[in-house]
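Before any comments, here is the structure.
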Amino acid sequence: MLEKLRNNDTAIMLAFTAMVLLGPIILAPFGAGYPDLLQRFAIFGIFAVGFNILFGLTGYLSFGHAAFLGIGSYMAVWSFKLLSMSVIPAIILAVLLSGLFALVIGYVSLRRSGIYFSILTLAFAQMCYNLAYSVLTPITNGETGLKVLSSDPRILDGASEGLPLPSVLGLRMIDTWRGSFLGMDVQFNVGFYFCAVILIIAFYISLRIFRSPFGLMLRAIRTNQARLNYTGINTRPYALTAFVISGMYAGLAGGLMACTDPLAGAERMQWTASGEVVLMTILGGVGTLIGPVLGAGFIKYFENIFSKINDNVLSGFLDFLPETLREGVVWVMGAFVGEGWHLTLGLLFMIIVIFLPGGLVEGFNRIIAWFSRPKGGDKATARVPAE
Amino acid sequence: MGILEVQNVNKRFGGLQALNNVNLSVREGSVHAIIGPNGAGKSTLLNCFVGRLMPDTGSVMFNGQSLLGLKPHQINQAGVSRVFQTPEIFADLSLWENVMIASFARRDGAYRLNAFGRVKADGEIRDHAERNLSDVGLASKRNMIASALSRGDKRRLELAMCLAQDPKLLLLDEPTAGMSRADTNNTIDLLKRIGESRGITKVVIEHDMHVVFSLADRITVMAQGTPIVEDAPENIKGNPKVQEAYLGGAHA
């Protein structure tokens, strides 16, 4: 029993690692194999995995996690400006500073639960967002956003020539090797692999938390916080620890955003960004291990695909229709693509929440159960990818 | 001097005097039943013991330590566990996990960050939880999700969670409410057996006189927020004050 379970976890980690590292090849046929999108998959995957530690385990729904994302970004860019173009100090400082903010915001917000907690976190995030635009302009550079300049001090690197670029161990984040695999153009990008390795580590930490006594206490908080108090557990420090860990994950994601593209703007802290990670987690499967990563990939993929389709592309697709009919169809479908892709996302979200409350993971589980039922047996192996 | 000493406790909710000058002394190792008609203040009194309510005046001393102003988890860590009137369990978790949480609370205290240990690899906790599940007869159902249990089994699970903490004082709020006669008798046997083997002091609130007279060494009868009689079980039945409290003042 025990041995089987440990093997199970190892299998999960191996499958996950392989999927992430082979991402550029696996996703190339879907038109998603280019560095910019792959990096976003990994970064938002980290963001959602961390958010799930709070929301999925304790049930506390934060509507302000984008604040930590923004704080991480600003900190990373400041590290590029003042210390070094190396990404290592940048992400370490991003995680530490966002953790510090999470400690303060969490300490205050966790005095309430349910909707009041959500509103408090939302208020804090909007406060950060508005401060970044107004009084904190000397730190955030306001609307223009914070950029790396060649004239910045960078005390560890010394003066650099030309436009400085973030790098790790001498490799620049934008470096890409192009190759060919089964006739497809595949791109192996330093920035993506850096984010991918961190995603794998972040996922492993989340896995260990899920299986740990700490994770058990967090699930107990979601189920019956009062009973936990009457069982001699002080629930608040547990919830606060979960809040700080998920805030640090968000700061890490924000720092990585700045590493792949060294600028930071206040719009990253807006409530829509906080809402996005909630959607990702619910869409993928709240409280499941892999769900948040799937949800993040799903949303970022469709955002990319649907927002790039415009009326001309649609006309091309629907070439076979007579012209008058085609115009009508293009007009209707046009509302769901390009700028209007949020409409598609909204519909998808509604469908999933109504028919699959457990998200994509529940969907996969049902498909696997459906296929394995007639044959019977083999359930143990079928469950591995679903967990 | 009892293990639980309650002195001059008053609690008022608006115009209602819920507890009126309550004095109570529970002897260590005994089973002390509190009975009385609905609204007599029994549950309110219990809520004052576990930190759910704060009395307006008076003192509640447990083992020489005041319980007033302590948080529920501090009172529990001091050795007071409670079984609620409606079973309070972790409905989404397995029976095993339910009891393991109590085992962790007993061993690791109110807060210990152990984010890299494995719950299922902790033999000490597993065996301890297993033992306590066996004690209440639920070992065969340990992998079930708690919400799937019958009401009687939920109560037994809650009891297993409380026992897993090795409490000094166990508070039972109508432990057999809603149970069949057979389940009630099982619970009585269980409580008696545990009482003998572990020597846990128990305070029981109960309406079922069969349960009260089977278990209690000492009975306090409450009416309108005040204890009116405290005596041994054999002297309670014939006491005119008790009859008056239950029948509502026949001489009026």
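The values are calculated or read from the model by the stated rules, or taken from the named source; none is laboratory data. Since the structure is predicted, the reported quantities are computational estimates derived from the model, not experimental observations. Don't worry about glycine lacking a Cβ; one is built from the backbone with ideal geometry, like all the others, and counts go over all protein chains shown.
Of note:
- In segment A:144-160, the count of residues that are in contact (Cβ under 8 Å) with a residue 40 or more places away in the chain, small (Gly, Ala, Ser) and buried (at least 17 other Cβ atoms within 10 Å of the Cβ) is one or more.
- B:Ala216 among the hydrophobic types (A, V, I, L, M, F, W, C) and more than 21 Å from the chain's Cα centre (by Cα): no
- Filter result (over 24 Å from the mean Cα position of the chain (by Cα) and either touching a residue at least 24 places away in the same chain (Cβ under 8 Å) or buried (at least 20 other Cβ atoms within 10 Å of the Cβ) (or both)) within segment A:235-244: A:Thr235, A:Arg236
For every residue, the table says whether it meets (1) touching a residue at least 12 places away in the same chain (Cβ under 8 Å); (2) in contact with an Asp or Glu (Cβ under 9 Å, 6 or more places away or on another chain).
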site	(1), (2)
A:Asp261	no, yes
A:Ser274	yes, no
A:Pro292	yes, no
A:Phe298	yes, no
A:Leu318	yes, no
A:Val332	no, no
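- Some residue of segment A:189-210 being in a helix (DSSP H, G or I), closer than 23 Å to A:Phe16 by Cα, free of Cβ contacts under 8 Å to residues at least 12 places away in the same chain and more than 10 Å from chain B (Cβ to nearest Cβ): yes
- Filter pass, A:Leu321 being more than 30 Å from A:Ala15 (Cα to Cα) and of a type in the set (A, V, I, L, M): yes
- Scan of segment A:119-137 for residues that are at pLDDT 95 or above and polar (S, T, N, Q), ordered by number: A:Thr121
- Looking only at segment B:2-48, residues that are in contact with a helix residue (DSSP H, G or I) (Cβ under 9 Å, 6 or more places away or on another chain) and among the hydrophobic types (A, V, I, L, M, F, W, C) come to 13 in all.
- Within segment A:245-352, helices (runs of 4 or more DSSP H) holding 1 or more residues that are more than 25 Å from A:Ala202 (Cβ to Cβ): A:291-308, A:311-317, A:323-334
- Any hit, segment A:163-176, residues being in contact with a Leu (Cβ under 8 Å, 6 or more places away or on another chain), within 14 Å of another protein chain (Cβ to nearest Cβ) and under 27 Å from A:Ala18 (Cβ atoms): no
- Residue count for segment A:229-246 under the criterion of being of a type outside the set (S, T, N, Q) and at the interface with chain B (Cβ under 7 Å from one of its Cβ atoms): the result is 5.
- Single residue of B:Arg155, B:Arg151 found to be of a type in the set (Lys, Arg), closer than 30 Å to B:Glu5 by Cβ, at pLDDT below 95 and outside the structural domain of B:Phe49 (by TED's automatic domain parsing): B:Arg155
- Hey, B:Val50 facing chain A (nearest Cβ under 9 Å), closer than 24 Å to B:Gly2 by Cβ and in contact (Cβ under 8 Å) with a residue 60 or more places away in the chain or not: yes
- Any hit, segment B:85-100, residues being modelled with pLDDT of 90 or more, touching a Phe, Trp or Tyr at 6+ places or on another chain (Cβ under 8 Å) and within 7 Å of chain A (Cβ to nearest Cβ): yes
Listed here are the residues, each with its yes/no results for (1) in a loop (DSSP other than H, G, I, E, B); (2) not assigned by TED's automatic domain parsing to the domain that holds B:Asn23.
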residue: B:Leu159; (1), (2): no, yes
residue: B:Thr176; (1), (2): yes, yes
residue: B:Met222; (1), (2): no, no
residue: B:Ala245; (1), (2): no, no
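- Condition met for A:Gly215 (free of Cβ contacts under 8 Å to residues at least 60 places away in the same chain and either within 14 Å of chain B (Cβ to nearest Cβ) or under 29 Å from A:Pro24 (Cα atoms) (or both)): no
- Among the residues here, B:Glu174 qualifies as in contact with a His (Cβ under 9 Å, 6 or more places away or on another chain), in contact (Cβ under 8 Å) with a residue 12 or more places away in the chain and away from chain A (no Cβ under 14 Å).
- Breaking point among (1) farther than 19 Å from A:Leu57 by Cβ; (2) within 9 Å of chain A (Cβ to nearest Cβ); (3) in contact with a helix residue (DSSP H, G or I) (Cβ under 8 Å, 6 or more places away or on another chain), for B:Val60: (2)
- Residue count, segment B:101-126 (criterion: among the hydrophobic types (A, V, I, L, M, F, W, C), surrounded by 16 or more Cβ atoms within 10 Å (Cβ to Cβ) and at the interface with chain A (Cβ under 7 Å from one of its Cβ atoms)): 7
- Residue match in segment A:352-365 (condition: within 29 Å of the chain's Cα centre (by Cα), closer than 28 Å to A:Phe44 by Cα, at pLDDT below 80 and not aromatic (Phe, Trp, Tyr)): no
- Residues in segment B:127-156 that are closer than 20 Å to A:Arg211 by Cβ, charged (D, E, K, R) and either away from chain A (no Cβ under 14 Å) or not in a helix (DSSP H, G or I) (or both): B:Arg142 alone.
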